[in-house]
Amino acid sequence: MNVLILDGGPRDTRGAACRKIAAAAAGEARLKGHAVTAFELDALAIKPCQGCFACWLKHPGTCAIKDDQEPVLRAMAASELQVWITPVTFGGYSPALKKALDRFIPNSLPFFTTRRGEAHHPQRYQKRRGLIVLGTLPAADPEAEGIFRHLVGRNALNLDSVLTESHVFHDGEEDGIAGRMKGLLQAAEAAI
């Protein structure tokens, strides 16, 4: 299975928990024999989406912006499992992860399909794909965690994910990621 890990943590001390989780997730995936591609998004020069839709209309599947997002898009298209890691920011994703996700538009088609009674864009590359999103917070915040889980569910629906898991780690809990990843990878293998 091709596993894509997107580490959305900042490069300062606040991103240390994300880096620890990303390393543990990559290690567990490799132990199970999976191919892992990982990106530390804050270290990449990724520009925001311009909303030009050239990726749909002028040159389908290719973003008009030439920057460090290109290998991320290719890895996304090739992945069967995506693992996103981010500090939870007011219930949402970090700026680095949000910017990268906004640029995933080339991997969908400019048409509409109905999923769960709602209109969504079909994926350009039809593949059974799972999504695991892991967040970090200094301490429990039920409201932020609820918003985060809802956001993950909406993104999974847009990606037509066959498996969706999310979990928020609080400071000091990152060491439990190895055991958690074993279970999540088993669920992904069964679903995909």
### Task
Using a Gaussian network model of the chain whose springs link C-alpha atoms within less than 10 Å, name the residue from Ala119, Ala38, Ala75 with the highest mean-square fluctuation.
Ala119
### Query
Is the range 140-192 best put as rounded, prolate or oblate by its Cα gyration tensor, with a ≥ b ≥ c the root eigenvalues, rounded for a/c under 1.5, and otherwise prolate when a/b is larger than b/c, oblate when not?
oblate
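Note down the net charge around Ala43, summing +1 for each Lys or Arg and -1 for each Asp or Glu among other residues with Cβ under 10 Å from its Cβ. Write out the running numbers ahead of the final one.
On the way: positive: Arg11; negative: Asp7, Glu40, Asp42, Asp68.
Overall, the nearby charge balance is -3.
Which of the peptides 16-22, 125-131 is most tightly packed, and how do the rest follow, judged by the mean count of other Cβ atoms within 10 Å per residue? Could you put the intermediate results ahead of the total?
On the way: 16-22: 22.0, 125-131: 17.4.
The peptides rank, most packed first, as 16-22, 125-131.
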### Task
Per residue of the range 4-20, in order, report the coupling 6.51 cos²θ - 1.76 cosθ + 1.60 (Karplus, θ = phi - 60°) as ³J(HN,Hα) in whole Hz, putting x for Gly and Pro.
9, 10, 10, 8, x, x, x, 7, 8, 5, 5, x, 4, 5, 5, 5, 5
### Message
How much of the DSSP bridge set in the chain is antiparallel, in percent, rounded to the nearest 5?
### Response
15 percent
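Compute and list, largest first, the equivalent-ellipsoid semi-axes of the chain from the alpha carbon gyration tensor, each √(5λ) rounded to a whole angstrom. Could the numbers behind the result be given before it?
Working: eigenvalues 129, 68, 58 Å².
Equivalent-ellipsoid dimensions as semi-axes: 25, 18, 17 Å.
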### Query
Using modelled backbone amide H atoms (1.01 Å from N, in-plane), which distant-in-sequence or interchain residues come within less than 5 Å of Ile5's amide H?
Thr37, Ala38, Phe39, Val83
### Query
Just Thr86, Thr164, Thr113 to compare: in a GNM of the chain, with alpha carbon springs under 10 Å, which one fluctuates most?
Thr113
### Query
How many angstrom lie between the C-alpha centres of the range 94-164 and the range 1-70?
14 Å
### Task
Please identify, among Pro142, Pro87, Pro110, the residue showing maximal mean-square fluctuation in a Gaussian network model of the chain using a 10 angstrom Cα cutoff.
Pro142
### Task
Can you tell me the dipole magnitude for the range 1-101 around its Cα centre, using point charges on the Cβ only (Lys, Arg +1; Asp, Glu -1), in Debye to the nearest 20?
80 debye
### In Hz, Karplus ³J(HN,Hα) per residue of the range 156-172 (6.51, -1.76, 1.60; θ = phi - 60°; x = Gly, Pro)
5, 5, 4, 7, 6, 6, 8, 9, 9, 9, 9, 8, 10, 8, 9, 3, x
### Cβ-placed point charges (K, R +1; D, E -1), dipole of the range 1-50 about Cα centre in debye, nearest 20
40 debye
### Query
Among Lys20/Lys66; Lys66/Lys98; Lys20/Lys182; Lys47/Lys98, which pairs are too far apart, with a Cα-Cα distance over 21 Å?
Lys20/Lys66
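Per residue of the chain, what 222 nm ellipticity follows from adding -39500 (n - 2.57) for every DSSP H run with n ≥ 4, rounded to the nearest 500?
Values: 6 runs with 70 residues, N = 192.
Computed mean residue ellipticity for the chain: -11000 deg cm²/dmol.
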#### Entry: Residues Trp56, Trp84, sorted so that the one with the fewest Cβ neighbours within 10 Å comes first
Trp56, Trp84
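Each value in this text was obtained by applying a stated rule to the coordinates, not by laboratory testing. As the structure is a prediction and not an experimental result, all values here were calculated from the model. Heads up, the Cβs are rebuilt from the backbone with ideal geometry, glycines too, and the neighbour counts pull from every protein chain shown.
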